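These notes concern the structure reproduced below.
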Amino acid sequence: MSFRPERGLPSMTLDEPRTRLDERYSEPTATATPWSQASTLLEAAELFWISTVRPEGRPHVTPLPAVWSQGALHFCTGPEERKARNLAANPQVVLTTGTSTWNKGYDLVVEGEAVRVTDEDRLLALAAGWEAKYGEFWHFEVRDGCFHHGGGSALVFSVAPRTVFGFGKGEPFSQTRWRFD
């Protein structure tokens with residue numbers, strides 16, 4: 001058996017996650033997708049699906065916009081919304097994005113812990129990121145550790161990836177896993 005670094009053995013640099021192609025779910029011609037390509041897709045994606053867990057253990061899934069910044073996905077939610085209440089009990093989340101086609105595109109699944117962002121400078125930078133990405137409808141004022149829009153407030157969360165799965169669809173089908181230490 002020959003060593004082919006692009007075919008499944010972990011690789012990593014100081015600033016990148018360990019990358020591994022899962023050959024069980026990949027075609028023989030597939031190679032691991034570079035993390036730089038995956039992070040570019042996360043930055044460009046407009047819609048994500050967030051999965052949280054209700055206090056009694058049932059799953060909850062809902063779509064939302066998110067902003068990729070400083071190596072993490074960021075989302076916001078009203079303090080009384082189901083996902084905010086779920087996160088108060090269990091901060092573990094999964095965020096997914098991709099295409100709804102079978103034979104083309106790339107899907108990403110980000111696993112991590114949602115951590116509340118309250119630092120005003122960071123919130124100001126994230127608010128600017130939301131507006132730059134999604135337009136002026138998503139303009140937020142920042143005060144009291146929250147985003148404010150219209151008559152309501154929103155809590156802001158950051159999810160630094162622990163594990164990310166990438167699914168290449170079409171020729172060749174592939175599954176890449178990135179693990180962060």
Can you tell me which of Leu64, Leu73, Leu123 is at pLDDT 95 or above, of a type outside the set (Phe, Trp, Tyr) and in contact with a Leu (Cβ under 7 Å, 6 or more places away or on another chain)? Leu73
Give me the residue from segment 132-142 that is of a type outside the set (Phe, Trp, Tyr), in a helix (DSSP H, G or I) and surrounded by fewer than 15 Cβ atoms within 10 Å (Cβ to Cβ) and, out of that set, farthest from the chain's Cα centre (by Cα). Glu136
Please give the number of the condition Val61 fails out of (1) assigned to a strand (DSSP E or B); (2) surrounded by 14 or more Cβ atoms within 10 Å (Cβ to Cβ); (3) of a type in the set (A, V, I, L, M, F, W, C). (2)
Within segment 113-128, is even one residue under 27 Å from Glu16 (Cβ atoms), in a strand (DSSP E or B) and among the acidic types (Asp, Glu)? yes
Restricting to segment 38-55, and then to whatever is out of contact with any strand residue (DSSP E or B) (no Cβ under 8 Å at 6 or more places or on another chain) and at pLDDT 95 or above, can you tell me which residue is nearest to Asp22 (Cα to Cα)? Thr40
Assuming Glu46 fulfils every condition listed in (1) over 19 Å from Arg179 (Cα atoms); (2) free of Cβ contacts under 8 Å to residues at least 12 places away in the same chain; (3) loosely packed, with under 13 Cβ neighbours inside 10 Å apart from one, which condition is it? (2)
For Gly112, which of the numbered conditions (1) under 26 Å from Val53 (Cβ atoms); (2) open to solvent by 20 Å² or more (accessible area, probe 1.4 Å) fails to hold? (2)
Those residues of segment 76-98 which are part of a loop (DSSP other than H, G, I, E, B), closer than 18 Å to Gly145 by Cβ and touching a Leu at 6+ places or on another chain (Cβ under 7 Å) amount to Pro79
Of the conditions (1) at pLDDT below 95; (2) within 18 Å of Ala66 (Cβ to Cβ), Gly150 satisfies every one except a single condition; which number is it? (2)
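The values are calculated or read from the model by the stated rules, or taken from the named source; none is laboratory data. Everything quoted here is computed from the prediction, not taken from an experiment. Don't worry about glycine lacking a Cβ; one is built from the backbone with ideal geometry, like all the others, and counts go over all protein chains shown. For the accessible areas, the whole protein counts, side chains as well, though only heavy atoms, and no ligand, DNA or RNA atoms are used. Shrake-Rupley method; radii C 1.70, N 1.55, O 1.52, S 1.80 Å.
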